[in-house]
Amino acid sequence: MSSIELRQVSRDFDARTRALDSVDLTVLDGERLVVLGPSGSGKTTILRLIAGLDQPTTGSVRLGDALVDGLPPHRRNVAMVFQYPTLYPHLDVAGNLEFGLKTRGVPRAERRRRIGEVASMLKIDALVRRRPASLSGGERQRVAIGRAVVRRPAVLLLDEPFSSLDLPLRAALRRELIELHEAFRTTLVHVTHDQGEALSLGQRIAVLDRGRLIQVASPRELYERPASPIVAAFVGGPPMNLLPCTLVRDGSRTSLVVGQRRWPINPTHPLPALADGESRAMLMGIRPEHLHVDPADALTERAEGFLAIESRIRRIEFQGDSVLLTLDLRGSTAVARVAARDDFHEGQSVVASPDLARAVWFSADN
Ligand code: ATP
């Protein structure tokens with residue numbers, strides 16, 4: 001096993017393409033870290049630099065105690081699984097799993113033992129005599145992961161390995177990967193653009209945007225305390241609402257202005273610190289499940305600190321256990337997730353109440 005350390009790593013492909021920009025990232029020994037970012041944000045480039053398939057323009061990469069700059073891939077004890085892995089077509093599954101062990105001189109009995117162990121964990125034991133051409137996409141991906149793991153690399157890198165698979169299969173493979181990681185404790189870096197996959201798989205998640213690392217945090221922290229509107233909008237499905245508003249401090253009281261209306265805020269809510277008399281344009285970050293919705297005529301007097309923003313339901317999407325309401329809300333749009341019930345309809349006037357105890361505040365010019 002091995003830790004990974006990227007220090008001030010940049011990678012320029014040409015004068016106009018900076019794929020990575022001053023990235024500082026530490027992956028702990030035995031950790032399962034997910035790199036999350038939209039297409040073109042530099043995820044694959046990070047993996048290629050760790051694997052030694054590419055070199056940083058500036059900065060350095062360390063694996064364990066060793067600086068590995070310039071060291072070729074085969075001397076790094078790193079295995080990488082690609083989105084569309086190529087298996088050896090002329091070898092059966094067992095042969096594919098065994099190949100890297102043979103070339104490394106692992107004795108026959110030990111090869112057998114390891115192949116049996118990995119094949120059983122990845123549920124491919126019934127397939128060991130099959131050739132790759134006869135395997136489904138999910139089975140092929142299992143073999144590719146097995147081939148990487150069976151070598152017992154210090155570091156395992158996975159580049160969107162599930163993105164070509166259907167949703168139930170992805171969920172199953174995700175769980176198997178977690179179990180595999182718990183059994184072997186290899187340092188694992190998994191790349192994806194799928195925020196749901198990142199949240200369920202990562203012990204920590206590193207978010208990349210246009211080559212820059214913008215937050216590294218646990219899934220929960222990333223979801224509850226996104227560091228910027230970009231992270232807020234990228235993590236969570238549907239994403240966090242960002243409502244334009246103004247915070248005003250007058251003496252010891254703070255009020256919130258949304259549209260033309262002003263509400264005093266309960267001082268127990270976590271708020272940005274404002275100077276007396278200060279007024280600041282903000283974005284209030286509210287998760288859809290923290291935006292409560294009531295029919296306008298059912299509104300009862302609310303305690304101080306609750307907002308009641310008049311809105312209209314533009315669209316209702318059924319989700320099984322809940323419904324998503326798209327709301328026109330005083331000049332902006334927001335999405336609320338509420339329990340499935342039948343007294344809402346499109347076009348209906350409602351009031352939306354953000355739960356301010358769960359709000360995250362961003363400066364409007366952030
Ligand atoms: P995706 O999710 O689409 O695979 P990514 O986040 O993995 O994207 P990278 O493949 O790391 O992104 O690419 C980051 C940027 O670097 C992109 O703008 C890409 O076009 C550019 N890039 C990557 N490899 C090269 C290359 N060999 N030559 C020129 N530009 C490159």
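The values are calculated or read from the model by the stated rules, or taken from the named source; none is laboratory data. If you're wondering where the values come from, they're calculated on a predicted model, not measured in any experiment. Glycine gets a Cβ as well: all are built from the backbone with ideal geometry, and neighbour counts include every protein chain shown. Protein only, heavy atoms only, side chains kept; ligands, DNA and RNA dropped before computing areas. Shrake-Rupley method; radii C 1.70, N 1.55, O 1.52, S 1.80 Å.
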| task | State which helices in the chain qualify, where a helix is a whole DSSP H run, it must extend 27 Å or more along its own axis by its Cα atoms, and its mean Kyte-Doolittle hydropathy must be at least 0.5. | result | none
| query | Going by the alpha-carbon gyration tensor, a ≥ b ≥ c the square roots of its eigenvalues, is segment 111-182 rounded (a/c under 1.5) or, if a/c is not under 1.5, prolate (a/b greater than b/c) versus oblate? | reply | oblate
| For the chain, which whole-number percentage of the solvent-accessible area (1.4 Å probe, protein heavy atoms only) is attributable to carbon and sulfur atoms? | 49
| Per residue, how much accessible area does the chain have with a 1.4 Å probe, in Å²? | 47
| remark: Residue-normalised 222 nm signal for the chain, counting each DSSP H run of n ≥ 4 as -39,500 (n - 2.57), nearest 500 deg cm²/dmol, is -7000 deg cm²/dmol
| message | Please list 80, 240 from largest to smallest accessible area, probe radius 1.4 Å, with all protein chains kept in place. | response | 80, 240
| request: Work out from phi, with θ = phi - 60° and the Karplus expression 6.51 cos²θ - 1.76 cosθ + 1.60, the ³J(HN,Hα) of each residue of segment 253-258, listed in order in whole Hz, and give x for Gly and Pro. | output: 9, 10, 10, 10, 10, 10
| said: Could you order the peptides 230-238, 8-16, 87-95 from most to least packed, using the average number of other C-beta atoms within 10 Å per residue? | reply: 230-238, 87-95, 8-16
| query | Within segment 182-277, which trypsin sites (Lys or Arg not before Pro) sit in a loop by DSSP and count at most 16 neighbouring Cβ atoms inside 10 Å? | reply | 185, 210
| message | With 26 Å as the cut-off, how large is the P(r) tail for the chain, expressed as percent of Cα-Cα pairs? | response | 60
| request: In debye, nearest 20, what is the charge dipole magnitude of segment 107-208 about its Cα centre with +1 on Lys and Arg Cβ and -1 on Asp and Glu Cβ, if you could check? | output: 700
